[in-house]
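Single-structure report; data block below.
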Amino acid sequence: MHIKSYKGTKILGKTATYCILISASMICLFPFLWMVSTSFKETAQIYKMPPGLFPENPTLNNFIEGWQGADFALFFKNSALVTLFATLGTVLSSSIVAYGFARFKSRLSPFLFIVLLGTMMLPTQVTLIPQYLLYYKLKLIDTYWPLIIPSWVGGGAFNIFLFVQFFRTLPKEFDEAAKIDGANSLQVFLKILLPAVRPVMLAVLVMALVYNWNDFFSPLIYLNSSNKFTIAIGLQFFKGSQGNVKIGEMLAMSLVSLLPVMAVFATCQKYFIQGIKMSGMKG
C-alpha cells in the first residue's frame, strides 16, 4: 500500500512539473507566436479590437512591402559582413587568450584571470565614451571597424572563461607528447588542443553570431550612413516621422531577420549545450 501511494505521489509530482514547464514555455513563446501571426495579417486586422491571434485572411503583403520599402537586401549584406568577421575574431582571439591562461603559468596569472573575470561586471556604458573618443581620434566613426575590432582583441571575458575551463579538462600529457615530437606551442594549440575543444568553440561561435547579428547598440552609436546600417538599425525605417509604426511590415522583416540565427542555432544546438555543460566540469 505504501509503494502504491509513493508511485501515485511521484506521478502526480511529475504531472505538476510538466504542467508548470509547459505553461512557462507557452508564456515565453507567446510573443514569438504573436509576431509570426501578425506578420501575415492585413493592416485592418492588426488594429482590430479585440485582437485575434490567427490571421483571418493570411497575406504576404507585409513581407513584400517590407522588403521593398527599405533596402533590406543591403542591410542583410551589411549584417552578414559584420557578423562574419566579428564572430571569427571572437572565436580565434578568445581561444588564444584562454590557451595562455590554461597552459602558461606565472605569478600574475591568478590575479590577471580575476581581473579578466571582473571586467564582466563593467556595464557597457562605462567604457562607451572612452572607446568612442578613441575611434573618433582614429577616424573610424561611420565604419565597421568599431564593430569588428573589439572581437579581435580578446573576444570577451565570458568566452575566454569557457575556453579556459575546457582547456583545463585536457591532460597536459598531450602538450608534452607533441613537444617531444618537435611541435612548438603554436602547433600544439592549432593541431592538438583546438580540435579537442570543438564543442565549446561551436558554443562560443553560436553565442557570438547571435550577439553580433542582433546587436543594435553598437551600430547605433558608430554608424551614421544609411547605406552602412545593419538589420537591427534598418528596422527603424518602419517608424514614420509622426511616430507611426508600420507594425505588420516591421514584424515581417523581424521574422525574416531571425531565420538565419534560428537555422544556425538549430544546427549547432547539440554542440552548444555540450560546450556549456563540459566547460564547467573542471575549475
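The numbers here are math on the coordinates, done by the rules we state, and not lab data. As the structure is a computational prediction, the values presented were derived from the model and not from experiment. Cβ coordinates were reconstructed from backbone atoms using ideal geometry, including for glycine residues, and neighbour counts include every protein chain displayed.
Pick from GLY155, GLY52, GLY234: which is most flexible by mean-square fluctuation in a GNM of the chain where alpha carbon atoms under 10 Å apart are linked?
GLY52
Among ALA203, ALA263, ALA44, which one shows the biggest mean-square fluctuation in a GNM of the chain, springs joining Cα atoms closer than 10 Å?
Of the options given, ALA44 has the highest mean-square fluctuation.
Please list 11-18, 215-222, 83-90 highest first by mean number of surrounding beta-carbon atoms within 10 Å per residue.
83-90, 215-222, 11-18
Quick check: Cα centre of the stretch 219-234 to Cα centre of the stretch 150-170, how many Å?
Here the two parts' Cα centres lie 29 Å apart.
Tell me, SER93, SER185 in order of fewest to most beta-carbon neighbours within 10 Å?
Neighbour counts put them in this order, fewest first: SER185, SER93.
Tell me the net charge near PHE238. Cut-off is 9 Å between Cβ atoms, PHE238 excluded, with +1 for each Lys or Arg and -1 for each Asp or Glu.
Around PHE238, the surrounding residues sum to +1.
Just to confirm my numbers, what's the Cα centroid distance between the stretch 97-149 and the stretch 16-42 in Å?
Value for the Cα centre distance between the two parts: 38 Å.
Counting only pairs 8 or more places apart or on different chains, how many lysine pairs in the stretch 70-278 have C-alpha atoms closer than 22 Å?
Total qualifying Lys-Lys pairs in the stretch 70-278 comes to 11.
How would you rank 169-181, 96-108, highest first, on the average number of other Cβ atoms within 10 Å across their residues?
96-108, 169-181
Relative to the present Cα-Cα distance, how much length would full extension add between ALA24 and LEU117 at 0.36 nm per residue of separation?
30.3 nm
I need the calculated FRET efficiency for the pair ASN214 and LEU190, taking r as the beta carbon distance and R₀ as 51 Å, to the nearest 0.05.
0.95
As a test of understanding, state the convex hull volume per residue of the chain from its alpha carbons, in Å³.
225
Where does the charge balance sit around PHE85 when Lys and Arg score +1, Asp and Glu -1, over other residues with C-beta under 15 Å from its C-beta?
+1
Please label the shape of the stretch 6-89 as rounded, prolate or oblate, based on the square roots a ≥ b ≥ c of the eigenvalues of the alpha-carbon gyration tensor (a/c under 1.5 means rounded; beyond that, a/b larger than b/c means prolate, else oblate).
Judged from the Cα gyration tensor, the stretch 6-89 comes out oblate (a/c at least 1.5, b/c at or above a/b).
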